[in-house]
Amino acid sequence: MDTSPADAARAGSESELDELRARLAAAEETLQAIRQGDVDAVVIEGPAGPQVYTLQNADRPYRTVVERMHEGALTLSPDGTVLYANRALAQMLRLRADEIVGRRFHSFVAEGDRAELARLLVSTGRGELDLCAIDGSRVPVNLSAVDLADENQQVISAIVTDLTVPKQRTMQLTESNAKLMAALAEQEHAQNLLRQAQKMEAVGQLTAGIAHDFNNLLTVVAGNLEMIEARAEDRRLKVQIETIQRAINRGMRLTDQLLAFSHQRTLRPRPVAVETLLRDTEPLLRRAVGDEVKITLMMGERVGHCFIDPTELQASMLNLAINAKDAMPQGGTLTVTAGEAEPKDIPIDTAESTLSGRYVAIAVADTGHGMSVETRERAFDPFFTTKEVGKGTGLGLSQVYGFIRQSGGYITIESDVGAGTCIRLFIPKVDAPGEEEAQRPTKRRESARHRRTVLVVEDDEDVRSFMIEVLRDLGYSAIEAENAPAALRLLDLGTAVDLVFSDIRMPDGMSGFQLAKEIRQRFPSVAIVLTSGMAPMYETEQDPNASWPLLRKPFQRDDVLRTIEEALNQHAAMPTT
């Protein structure tokens, strides 16, 4: 049977349609295989011939970007199995990428951070972990996870940022900041020390000035009172004079304490065996503190000698013991220890850069109520006291402080509320003295007072007038000058003078020491006596070969007579040149 042209055309169309259906089905199968990951490549016929497309080719630009990232990248299954890891992540773990894929990522995470990883895989998000590299090192990282789940499967992609360098920089910055803060704190501490030292120096200068002027007043009052007493016959008047004298004596003790604080009290230092002095002082300490306070004396093996005024050191020990007793109203223990100390052993805040030499350390510790920080910082301030009104002048510790500093030593306080107080004295140590050289006898002769002329050099008019009257009353001829230049002018004019009686601290740019040196050079036949209400502070100006007598203010009539006669006799015994 013949096929009509229409039937043939219809048959051809159906054949083409079947072919298209077959190709469509094949394409759908290919797409499904691609979705399932069963196909690695697809061959497509085209005008230019067959073309092979692989998944690697399809996402090559993205893989290139991911492989070249500085951050680590990985793809994880829901249970944490690594499906993909880029080069950066492999470098963090010191492995190859193929050594990471297929393993659970938990095995590369520090044990203490695995709970955090589990949380990120469940909820995704951002967190910090420590990865454990194959060489045992730890790598701090920031892991940011994203859930890429679809209707068929769940995949977790993560970016891993190495925090090693940022953490090192943060640590360096923290250390630098800590050093900076420490330096700032040290600088502030040094500035506080400087301010404290300047304050103490300023208070000391003010205190010394007040004590000097007050001693001038006491000199006038005490001297005139002594002269009145010598002429008084009324018994009631003598009683009143004695009352005034007791007040003067209290004033003298007060100025002495002020001068001790300002380092300007006259000291008579000499080599002192510290252990012997402390044992000799122990009975005085026991009487001072009473039976309720137990005293323990502990001596080290190499206490040795120090160069200090022994009388003032004993007074300082008594002062510290009395303070300790006041801190233990219910009784307690007072421990006195002594030993050798090196500069490194001195726990002192000082603006001085270095300490040198050897020291004797004396510690006085009590079991009293202790001090607060505020009290401890002001303990050495003059007139500062925590005692009730009338029970303390506030000059006890300041007096000890001034004495030790004037002696070239240091003093520290260790105290806390409820923990007692320990005050340590560090005094320069010296070698034991040898046998004292026999002193050559000094020629002495009685001075004919009525033939002697004394030149009084004093800027205070009241003191000057009083001295003139005392000297004349003692039988001397007396003339006066208000300052050193005026005294030199009198001597230059040829005024006959046997002795110059001069104050040390005077205005017009020339001190008593400078005047004495000038007189020694230009008028060697003139004897010299210096006087002051404070200790000489001009040692660098004094002639090392000179030994001018020094009379402390306030003084009495007998003191003036004795000092002048000794000065005249000693000067007469000096060899002439």
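Since every read-out is calculated from the coordinates, none of them should be taken as a lab result. This is a predicted model, so every value here is computed, not measured. Cβ sites come from the backbone with ideal geometry, for glycine too, and all protein chains shown count toward neighbours.
Below is a table of values for the structure above.
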| item | result |
| --- | --- |
| Ranking of ASP459, ASP416, ASP498 by count of other Cβ atoms within 10 Å, fewest first | ASP416, ASP459, ASP498 |
| From the C-alpha gyration tensor of the stretch 68-153, square roots of 5λ in Å | 20, 15, 12 |
| Ascending count of other beta-carbon atoms within 10 Å, so fewest first, for VAL101, VAL360 | VAL101, VAL360 |
| Computed label-point distance, nm, for sites GLN521 and ASP98 using a 7 Å Cα→Cβ extension | 10.1 |
| For ILE308, residues with placed amide H under 5 Å, excluding near neighbours | ARG270, VAL272 |
| Most to least packed among 296-303, 558-565 [average Cβ atoms within 10 Å] | 558-565, 296-303 |
| Rg to Rh, two decimals, where the stretch 449-573 supplies the alpha carbon set and Rh follows Kirkwood | 0.91 |
